[in-house]
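This report concerns only the one structure given below.
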Amino acid sequence: MRRIYEPPEPDDGLRVLVDRLWPRGLAKDAVRVDEWPKELTPSSELRTWYHGGGSYEEFRSRYEQELEAPRAAELLDHLRESARKGTVTLLTASRKTEESHAHVLAELVAG
């Protein structure tokens, strides 16, 4: 897991943007992103609730429930399969990566 504002590294493998919105200030052609599965990201409602002062523990629980939806579960399985085959780097614009949806995804992909 890395912030998307950091330059790509040779050992990043598959680079997957896991934010629903494109990061501010970055041109799409200036950043190497291999996949951008928007359906894997938290819903707008959940993201707004969390940034409005919701607890990380409750956010995590609600987000894990959202990831049980068929399309999200399919995309999560795809990430897991990609990780079994090689390196996958989850990219996010989040400043506090340890308390973000990207951290939840990284843990779920790692198993």
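List of remarks:
- Modelled label reach - residue 24, point 7 Å along Cα→Cβ, region 82-101 residues with backbone N closer than 18 Å: 92-97
- Looking at region 67-98, the GluC sites (Glu not before Pro) that sit in a DSSP loop and have at most 16 other Cβ atoms within 10 Å of their own Cβ are 68.
- Note that the chain presents 59 Å² accessible area per residue, ligands and nucleic acids not counted, probe 1.4 Å.
- Relative contact order (percent, whole number), region 2-110, Cα cutoff 8 Å, 6+ residue spacing: 40 percent
- Most fluctuating residue given options 24, 15, 32, as computed from a GNM of the chain linking Cα atoms under 10 Å: 24
- Distance from region 89-111 to region 1-59 (C-alpha centre basis), Å: 8 Å
- The trypsin sites (Lys or Arg not before Pro) found in region 49-111 that occupy coil by DSSP, while having at most 15 further C-beta atoms within 10 Å, are 95, 96.
- Label-point separation in nm, residue 43 to residue 6, each point 7 Å along Cα→Cβ: 3.2 nm
- Net length available on complete extension from residue 87 to residue 51 is 9.9 nm, with 0.36 nm assigned per residue and the Cα-Cα distance removed.
- Counting only lysines at least 8 places from residue 85 when in the same chain, those with an alpha carbon closer than 23 Å to its own are 38.
- Share of carbon and sulfur in the accessible heavy-atom surface of the chain [1.4 Å probe, %]: 49 percent
- Here the simple spin-label model places points 7 Å from the Cα toward Cβ, and for residue 71 and residue 33 these points are separated by 1.6 nm.
- Helix-only [θ]222 nm of the chain, DSSP H runs n ≥ 4, -39500 (n - 2.57) each, per residue, nearest 500: -12500 deg cm²/dmol
The values are calculated or read from the model by the stated rules, or taken from the named source; none is laboratory data. Quantities reported herein were computed from a predicted structural model and do not represent experimental measurements. Using ideal geometry, Cβ is built from the backbone for each residue, glycine included, and neighbour counts are taken over all protein chains shown. All accessible areas refer to the heavy atoms of the entire protein, side chains included, with ligands and DNA or RNA removed. Shrake-Rupley method; radii C 1.70, N 1.55, O 1.52, S 1.80 Å.
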